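Just so it is clear, none of the values below were taken in a lab; they were calculated from the coordinates. Since the model is a prediction, treat every value here as computed from it, not as a measurement. Note: ideal-geometry Cβ built from the backbone for every residue, glycine included; neighbour counts use all protein chains shown.
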Amino acid sequence: MTHILTAVAARTGLLLTAALLAAGAAPARAVAPPEPARDWLLVTVARGDANGPALPGASSSGDTRSAVLRCDPPRGHARAAEACAELDRADGDLGRIPLRDTYCPMVYAPVTAHAQGQWRGRAVEYAQTFPNTCVMTARTGSVFALDEAGAEPRG
């Protein structure tokens, strides 16, 4: 009787082993490749002067907003399509975005714009403090327009 149980157990073990080997030999299913991180920028706008308070009694810690701008397809930003088109025309160089013809108020309410990421495989690093959001938008287009209210220059 022990011999019969041992033979049955061995046969069952061999069948299970064969089934597992057959299942492991099946071709692996294709997994979707991760999304390429080609064109993206972490854009940040901070209110206040980066060097400290602008006026006596003013605070240097202001409101900070940020977004990850992705451009293939445009997303992650309130005006992603416009910002990506402007970056494309400037070949990813924020300093080459054409100056918008506009009139900005002479109000000192400094904002610091910072962008870091990559464009067409090249690293992008940009930081600039502007006297106000109107001047920032006139010089950088839609890239840092994270806040619709007050971000668009009038002109």
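The per residue volume of the convex hull around the alpha-carbon atoms of region 83-143 is 66 Å³.
Taking θ as phi - 60° and the Karplus parameters 6.51, -1.76 and 1.60, the scalar couplings of region 101-111 work out to 7, 8, 10, 10, x, 8, 10, 8, 9, x, 9 Hz in sequence order, x denoting glycine and proline.
Treating r as the C-beta distance of residue 93 and residue 66 and R0 as 30 Å, the FRET efficiency rounds to 0.90.
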